[in-house]
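Beneath this line is the structure, given in structure tokens, with notes to follow.
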Amino acid sequence: MSTIEKTIVVEVPVRTAYDQWTQFESFPKFMQGVEHVKQIDDKHLHWSADIAGVHREWDAEIVHQTPDERITWRATDGTTNDGTVSFAPDPTGRGTRVTLQMEFEPEGIVEKVGDALKIVDKRTEGDLERFKEFIEARGVETGGWRGAVSPSDVDPPNPAL
């Protein structure tokens with residue numbers, strides 16, 4: 001299992017940054033390799049992406065979501081990845097500190113070599129930079145979901161997967 005943690009300051013209010021991040025279907029606009037994200041309901045997403053030249057699809061579940069603070073997810077099938085994105089006022093008063101923590105399991109030789117060369121690490125950093133450019137250029141979010149998800153709301157893992 002590999003772990004990535006990246007932080008960026010975006011010069012918009014916490015609510016704006018958070019609300020934009022809840023618009024999962026907009027991710028292909030700033031996440032390299034993400035082809036499509038379909039939000040199935042408040043807690044479930046279907047992802048389609050090109051990872052190191054390999055097409056991958058997987059389902060993910062939001063396991064904890066607190067407005068203006070954090071969103072935590074886990075893959076429920078397909079490509080293994082879990083993570084948290086958190087939002088906090090930047091201590092310098094410049095905007096919002098967005099921190100992305102992610103754990104993933106590279107599959108196959110190409111992904112394992114890419115992981116060893118820190119390609120996913122660099123791609124994640126680039127995704128956050130593109131998110132910053134996207135939201136700062138707009139100045140407002142494309143939408144927002146203000147609901148919360150607590151761990152007690154989450155479906156138990158399916159042992160058959």
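The values are calculated or read from the model by the stated rules, or taken from the named source; none is laboratory data. Model, not experiment: these values are computed from the prediction. As a convention, Cβ positions derive from the backbone with ideal geometry for all residues, glycine included, and neighbour counts pool all protein chains shown. For the accessible areas, the whole protein counts, side chains as well, though only heavy atoms, and no ligand, DNA or RNA atoms are used. Shrake-Rupley method; radii C 1.70, N 1.55, O 1.52, S 1.80 Å.
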* Asked: What number, in percent, do you get for the relative contact order of the chain if the mean sequence gap of Cα pairs under 8 Å and at least 6 apart is divided by its residue count?
  -> 32 percent
* Percent of Cα-Cα distances greater than 16 Å, calculated over the range 11-53 -> 45 percent
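May I ask which of 6/132; 29/122; 29/132; 43/132 have a Cα-Cα span longer than 22 Å here? Working shown, then result.
Values: 6/132 13 Å; 29/122 17 Å; 29/132 12 Å; 43/132 25 Å.
Among 6/132; 29/122; 29/132; 43/132, the Cα-Cα distance tops 22 Å for 43/132.
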* FRET E, pair residue 42, residue 5, Förster distance 30 Å, beta-carbon r, rounded to 0.05 -> 0.70
* Asked: Counting only Cα, what are the radius of gyration and maximum Cα-Cα distance Dmax of the chain, in Å?
  -> 15.4, 48
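Using a probe radius of 1.4 Å on heavy atoms only, what accessible surface per residue do you get for the chain? Whole Å² is fine. Kindly include the intermediate steps, with their values, before the conclusion.
Working: 8340 Å² over 161 residues.
In whole numbers, the chain has 52 Å² accessible per residue.
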* Search the structure for amide H atoms under 5 Å from the amide H of residue 95, placed 1.01 Å from N in the peptide plane, and list their residues when 5 or more places away or on another chain. => 90
* Structure fact -> The long-range amide H neighbours of residue 81, using H built 1.01 Å from N in the peptide plane and a cut-off of under 5 Å, are 75
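Working out 0.36 nm times the residue gap between residue 153 and residue 58, then minus their Cα-Cα distance, what length gain in nm do you get to one decimal? List each step's numbers first, then the result.
Values: separation 95, 0.36 × 95 = 34.20 nm, distance 2.09 nm.
Here the answer is 32.1 nm.
So if I place +1 on the C-beta of Lys and Arg and -1 on the C-beta of Asp and Glu, and nothing else carries charge, what would the dipole magnitude of the chain be about its Cα centre? I want it in debye, nearest 20.
Working: 18 positive and 30 negative charges, 94 e Å.
Once rounded to the nearest 20, the dipole reads 460 debye.
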* **Percent carbon-and-sulfur accessible area, the chain, ignoring ligands, DNA and RNA, probe 1.4 Å** => 52 percent
